[in-house]
Amino acid sequence: MAFSKVSVIGLGYIGLPTAAVIASRGIDVIGIDVSEKAVDTINQGKVHIVEPDLDMVVQAAVTMGKLRASLTPEPADAFMIAVPTPFKEGKQPNLDYIQQAAEAIAPVLEKGNLVILESTSPVGATEKLAGWLQAARPDLHFPGQTGHEADVFVAHCPERVLPGRVLEELVSNDRIIGGMSQACSDKAIELYKVFVRGDCITTNARTAEMAKLTENSFRDVNIAFANELSIICDELKINVWELIALSNRHPRVNILSPGPGVGGHCIAVDPWFIVDSAPESARMIRTAREINDGKPDYVIGKVKAAADEFKRPVIACLGLAFKPDIDDLRESPAMDITKQLANMDVGEVLAVEPNINKLPPSLLSEGVTLVNLQESLEKANVLVVLVDHKPFKSLTIDDVNTKLVVDTRGLFCNK
Ligand code: SAJ
């Protein structure tokens, strides 16, 4: 086998599943992370992130002796970098984690190795990665974008999996393989073929970087269109959900769903990488971001207006996660809205989140109380639907007809 040992740098929600899936194909995998806690947890066969079935796959791989975690890089045939690329002040991409990963693996690199950048990255990041590796290892030859013979192969292969379906999509999704030369792409395909059932399509590194950003921007722009429509429809007293359902009957129209804003770690971040690279030209992409980022304040305005109808309003926020049927509260517009409502003292704020057992400190400190759905129905005057979790879908109009409802997800649109 061409790859007998693979190293995955960054054991987060992409790196850990990738490491475990490759290990399950019989390859020795060493995962590297800067968090001692993550390393210890994984070496015990456990997981520190929530993703369906991940615990089983990690436990099996560790028990078989195929997966192990460490703080220190060691030699391997291939290195896959899956570290975060957040943005810094001014919405500029922060590549520090990629640089640190490059500096960590550089001392153990050997001729013939493959280095893959999986992290979502601004255009040009893979070239920078090769530059950092080159600076640390002047004895080795790294590829330039033009692609000449190199000792180490470098490619960008962006992750594209959906949180909640990671293990399935890791295997079934098509992969974009952006080698810094054809030889780099060929080498990277060999590795992905080990576990990917989807097609592996080759391009250059810059196009691969832009493709990932484009996918998430496409979704952001389309959600912004739906969110803008929802505001226009409020003004014109039209039910936006009915409107979208009618428009989507057209064979070439497919409008997404409005909501309380866009959450998660990707769609609300990645478009800014395009804006940062082409600030003059990326006008629609920037506006879409602004529309989606403005939606929580718009929802808060509606809730305040509803609460004003009551002397001592009790407001129940249904859902805190960033999308349905997950427990991830980070970067969630529902969290933001709930927190702000409590902070503004609009009334007593209750939260219903069936996927968690206790509230995060940021809501506890604002005096928010976690209740179940039934209790919220008994106590609240104002009901704010923020996430369309499965348990909420069984609610009927009769359950809520004594309350004012701010429904950001269209839960009651057909009822
Ligand atoms: N949302 C809406 N209306 C919609 C669809 C989504 O308001 O019609 C909101 C959701 O409620 C959520 C946010 O958008 O707050 C994002 O959710 P999502 O399920 O659309 O996407 P993510 O962030 O979980 O994962 C995305 C995926 N990208 C695309 O679907 C183009 C995933 O494939 C990427 O791998 C991931 O980003 C990533 O890591 O970049």
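The table below gives the values:
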{"read-out": "The listed residue being within 23 Å of S121 (Cα to Cα), touching an Asp or Glu at 6+ places or on another chain (Cβ under 8 Å) and away from the ligand (no atom under 14 Å from the Cβ), out of I177, I201", "value": "I201"}
{"read-out": "Residue within segment 276-285 that is farther than 30 Å from I177 by Cβ, modelled with pLDDT of 95 or more, within 15 Å of the ligand (Cβ to nearest atom) and surrounded by 16 or more Cβ atoms within 10 Å (Cβ to Cβ) present", "value": "no"}
{"read-out": "Filter pass, E366 being buried (at least 16 other Cβ atoms within 10 Å of the Cβ), acidic (D, E) and at pLDDT 95 or above", "value": "yes"}
{"read-out": "All positions within segment 127-182 that are in a loop (DSSP other than H, G, I, E, B) and closer than 16 Å to T18 by Cα", "value": "C157, P158, E159, R160, V161, L162, P163, G164, R165, N173, D174"}
{"read-out": "Given (1) more than 16 Å from the ligand (Cβ to nearest atom); (2) over 18 Å from A155 (Cβ atoms); (3) part of a loop (DSSP other than H, G, I, E, B); (4) touching a helix residue (DSSP H, G or I) at 6+ places or on another chain (Cβ under 6 Å), index of the condition F3 fails", "value": "(2)"}
{"read-out": "Residues (out of contact with any Lys or Arg (no Cβ under 6 Å at 6 or more places or on another chain) and exposed (fewer than 15 other Cβ atoms within 10 Å of the Cβ)) located in segment 397-415", "value": "D398, N401, T402, C413, N414, K415"}
{"read-out": "Residues of segment 188-216 satisfying the condition of being in a helix (DSSP H, G or I), of a type in the set (D, E, K, R) and open to solvent by 50 Å² or more (accessible area, probe 1.4 Å)", "value": "E190, R206, E215"}
{"read-out": "Residue check, R219 within 9 Å of the ligand (Cβ to nearest atom), touching a residue at least 40 places away in the same chain (Cβ under 8 Å) and either assigned to a helix (DSSP H, G or I) or not acidic (D, E) (or both)", "value": "yes"}
{"read-out": "Criterion violated by N94 - all others in (1) surrounded by fewer than 18 Cβ atoms within 10 Å (Cβ to Cβ); (2) free of Cβ contacts under 8 Å to residues at least 60 places away in the same chain; (3) more than 30 Å from S181 (Cβ to Cβ) satisfied", "value": "(3)"}
{"read-out": "Scan of segment 356-394 for residues that are farther than 14 Å from C317 by Cβ and not in a helix (DSSP H, G or I), ordered by number", "value": "N357, K358, S365"}
{"read-out": "Residue that is farthest from the ligand (Cβ to nearest atom), among those in segment 306-334 that are free of Cβ contacts under 8 Å to residues at least 40 places away in the same chain and out of contact with any strand residue (DSSP E or B) (no Cβ under 9 Å at 6 or more places or on another chain)", "value": "K311"}
{"read-out": "Residue match in segment 239-249 (condition: polar (S, T, N, Q), in contact with a helix residue (DSSP H, G or I) (Cβ under 8 Å, 6 or more places away or on another chain), away from the ligand (no atom under 16 Å from the Cβ) and at negative phi)", "value": "yes"}
{"read-out": "Any chance A224 is surrounded by 22 or more Cβ atoms within 10 Å (Cβ to Cβ) and either within 20 Å of the chain's Cα centre (by Cα) or closer than 25 Å to A130 by Cα (or both)", "value": "yes"}
{"read-out": "Failed item, numbered, when L162 is tested on (1) within 16 Å of the ligand (Cβ to nearest atom); (2) surrounded by 22 or more Cβ atoms within 10 Å (Cβ to Cβ)", "value": "(2)"}
{"read-out": "Count of residues meeting criterion [closer than 21 Å to M210 by Cβ, away from the ligand (no atom under 16 Å from the Cβ) and open to solvent by less than 20 Å² (accessible area, probe 1.4 Å)] in segment 130-159", "value": "4"}
{"read-out": "Extreme residue, nearest to Y298 (Cα to Cα), among residues of segment 370-384 that are surrounded by fewer than 18 Cβ atoms within 10 Å (Cβ to Cβ) and not aliphatic (A, V, I, L, M)", "value": "K379"}
{"read-out": "Hits in segment 242-274 - residues which are assigned to a helix (DSSP H, G or I) and surrounded by fewer than 19 Cβ atoms within 10 Å (Cβ to Cβ)", "value": "E242, L243, A245, L246, S247"}
{"read-out": "Qualifying position, being farther than 21 Å from A76 by Cβ and in contact with a strand residue (DSSP E or B) (Cβ under 6 Å, 6 or more places away or on another chain), among P122, P163", "value": "P122"}
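The values are calculated or read from the model by the stated rules, or taken from the named source; none is laboratory data. Values in this document were obtained by computation on a predicted structure and should not be read as measured data. Ideal geometry is used to build each Cβ from the backbone, glycine not excepted, and the neighbour counts take in all protein chains shown. Just so you know, the surface numbers come from the protein's heavy atoms only, side chains and all, with ligands and any DNA or RNA stripped out. Shrake-Rupley method; radii C 1.70, N 1.55, O 1.52, S 1.80 Å.
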